[in-house]
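*Asks:* Attaching a single structure in structure tokens format; questions to follow.
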Ligand code: HMG
Ligand code: MG
């Protein structure tokens, strides 16, 4: 009883590029968003409204949101950690607002401090007005839950921590949560335990998987999540990325690899794999490297 269809959110323009040391122009980012939507992606995480001192690569957030050509049926999401970020995200005319915002918390205290400079409890109090304001504006609210299996500072994270965080997210009105393996240390059964903890608070239709591939476990973790009925995943074109506050963590699982696996299992995504591969080649060329996707490489060298 695997889900017959999967929705993929390509987080490459945000999660993928936030960690890049070399400058990437707004024009290139916009070009990536356009290629992803033309490949059939139905949701794209475009940028984040965070402090430019903390994440310089996302400083062009407003310019990127302004520059994208909206495609009907595609949702555009952005990260907003506090009211300042939310206000910046809606400072533009309504047609440039995000469809969805993401507040991002952690199941690990140490990671919360390093990533957003506050405790888990404080983060929830910062998110509370953001969630309320977004919902008043008709903007959907997703919550990212970092370090649901492991933390770069605290090591292994117990499912009870995930249970607690998911409960807090629910309490403040977050509509959907992403179970993130921020540093890619998770293995299938551990990821299933994190999802089980989340299922105490959210239905399976309101949960997504967000797996970094540092240890090569992300496809296995995706399959383990599919077996639990989870049908929404964040992935990154060309396997771009990492989190600047999670040392050593590499990118999200490559969208190309996940799409190849799903199509091979007869699961629909609505994505054209060839066009997706082209999008990954486009951004990788701009960065001067090869796409970090085995499926992309195999298909291009066939
Ligand atoms: P802070 O220093 O505690 O914030 O940072 P503050 O409210 O004390 O403000 C300090 C300064 O930042 C002020 O400026 C504010 O105006 C400014 P100053 O007066 O010093 O010139 N500021 C802002 N500027 C722009 N946009 C804002 C904003 N807020 C404050 N929204 C803060 C707290 C959350 C802002 C900071 O820690 C931050 O920006 N962190 C972002 C970290 C980040 O983006 N990490 C990566 C994304 S999360 C991720 O990758 C994980 C995920 O993929 C899931 C997974 O894999 O786990 C989602
Ligand atoms: Mg991430």
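*Asks:* Determine if region 56-64 includes at least one residue that is surrounded by 14 or more Cβ atoms within 10 Å (Cβ to Cβ) and without any contact (Cβ under 8 Å) to a residue 12 or more places away in the chain.
*Replies:* yes
*Asks:* Inspect region 82-98 for any residue being within 16 Å of ligand 2 (Cβ to nearest atom), at negative phi and within 20 Å of the chain's Cα centre (by Cα) and give the result as yes or no. Explain how you work it out, then say what you get.
*Replies:* So in region 82-98, the residues within 16 Å of ligand 2 (Cβ to nearest atom) come out as none.
Looking for residues that are within 16 Å of ligand 2 (Cβ to nearest atom), at negative phi and within 20 Å of the chain's Cα centre (by Cα), one finds none in region 82-98, hence no.
*Asks:* Specify the residue that is farthest from ligand 1 (Cβ to nearest atom); the eligible residues are those in region 184-223 that are out of contact with any helix residue (DSSP H, G or I) (no Cβ under 9 Å at 6 or more places or on another chain) and in a loop (DSSP other than H, G, I, E, B).
*Replies:* Restricting to residues being out of contact with any helix residue (DSSP H, G or I) (no Cβ under 9 Å at 6 or more places or on another chain) and in a loop (DSSP other than H, G, I, E, B), the top hit is 203.
*Asks:* Search region 251-268 for residues being surrounded by fewer than 21 Cβ atoms within 10 Å (Cβ to Cβ) and in a loop (DSSP other than H, G, I, E, B), and hand back the single one that is nearest to ligand 2 (Cβ to nearest atom).
*Replies:* Per the stated criteria, the residue is 267.
*Asks:* Scan region 26-38 and give yes if some residue there is under 19 Å from the mean Cα position of the chain (by Cα), surrounded by fewer than 23 Cβ atoms within 10 Å (Cβ to Cβ) and either at positive phi or part of a loop (DSSP other than H, G, I, E, B) (or both), otherwise no.
*Replies:* No: zero hits.
*Asks:* Go through region 156-181 residue by residue and tally those that are over 19 Å from residue 77 (Cα atoms) and touching a strand residue (DSSP E or B) at 6+ places or on another chain (Cβ under 7 Å).
*Replies:* Residues that pass the stated criteria total 6.
*Asks:* Can you name every residue in region 67-119 that is more than 21 Å from residue 164 (Cα to Cα), in a helix (DSSP H, G or I) and in contact with a helix residue (DSSP H, G or I) (Cβ under 6 Å, 6 or more places away or on another chain)?
*Replies:* Those that are more than 21 Å from residue 164 (Cα to Cα), in a helix (DSSP H, G or I) and in contact with a helix residue (DSSP H, G or I) (Cβ under 6 Å, 6 or more places away or on another chain): 67, 83, 86, 96.
*Asks:* Tell me which of these residue 69 doesn't satisfy, since it passes every other one: (1) away from ligand 2 (no atom under 16 Å from the Cβ); (2) touching a strand residue (DSSP E or B) at 6+ places or on another chain (Cβ under 8 Å).
*Replies:* Result: residue 69 fails condition (2) only.
*Asks:* Okay, next question. With respect to residue 33, is the statement that it is away from ligand 1 (no atom under 16 Å from the Cβ), in contact with a strand residue (DSSP E or B) (Cβ under 9 Å, 6 or more places away or on another chain) and within 28 Å of residue 115 (Cα to Cα) true? Steps first, please.
*Replies:* On the way: away from ligand 1 (no atom under 16 Å from the Cβ): yes; in contact with a strand residue (DSSP E or B) (Cβ under 9 Å, 6 or more places away or on another chain): yes; within 28 Å of residue 115 (Cα to Cα): yes.
For residue 33, the condition - away from ligand 1 (no atom under 16 Å from the Cβ), in contact with a strand residue (DSSP E or B) (Cβ under 9 Å, 6 or more places away or on another chain) and within 28 Å of residue 115 (Cα to Cα) - is met.
Let's see how each residue does on (1) within 16 Å of residue 36 (Cα to Cα); (2) over 18 Å from the mean Cα position of the chain (by Cα):
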site	(1), (2)
192	no, yes
201	no, yes
205	no, no
235	yes, no
290	no, yes
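*Asks:* If you don't mind, there's one more thing I want to ask. So which residues in region 120-163 are in contact with a helix residue (DSSP H, G or I) (Cβ under 9 Å, 6 or more places away or on another chain), assigned to a strand (DSSP E or B) and under 19 Å from residue 190 (Cβ atoms)?
*Replies:* Passing the criteria: 145, 146, 150, 151, 156.
*Asks:* Just checking, which of 102, 78, 50, 46 is free of Cβ contacts under 8 Å to residues at least 40 places away in the same chain, surrounded by 20 or more Cβ atoms within 10 Å (Cβ to Cβ) and within 16 Å of ligand 2 (Cβ to nearest atom)? Please lay out each step first, then the result.
*Replies:* On the way: 102 fails: free of Cβ contacts under 8 Å to residues at least 40 places away in the same chain; 78 fails: free of Cβ contacts under 8 Å to residues at least 40 places away in the same chain; 46 fails: free of Cβ contacts under 8 Å to residues at least 40 places away in the same chain.
Every option except 50 fails the conditions.
*Asks:* What are the residue pairs meeting all of these: first residue in region 240-252, first residue closer than 14 Å to residue 104 by Cβ and modelled with pLDDT under 75, second residue in a loop (DSSP other than H, G, I, E, B) and within 7 Å of ligand 1 (Cβ to nearest atom), Cβ atoms under 9 Å, and 6 or more apart or on different chains?
*Replies:* 243/18; 243/182; 244/18; 244/54; 244/55
*Asks:* For region 222-232, does any single residue satisfy the condition of being closer than 25 Å to residue 32 by Cβ and within 15 Å of ligand 2 (Cβ to nearest atom)? Give the derivation first.
*Replies:* Of all residues in region 222-232, those closer than 25 Å to residue 32 by Cβ come to 222, 231-232.
Filter again for within 15 Å of ligand 2 (Cβ to nearest atom), leaving 222, 232.
For region 222-232, residues closer than 25 Å to residue 32 by Cβ and within 15 Å of ligand 2 (Cβ to nearest atom): present.
The values are calculated or read from the model by the stated rules, or taken from the named source; none is laboratory data. Note that the structure is predicted; figures quoted are calculated from it, not measured. Quick reminder, even Gly has a Cβ in these numbers, built from the backbone with ideal geometry, and neighbours come from all protein chains shown.
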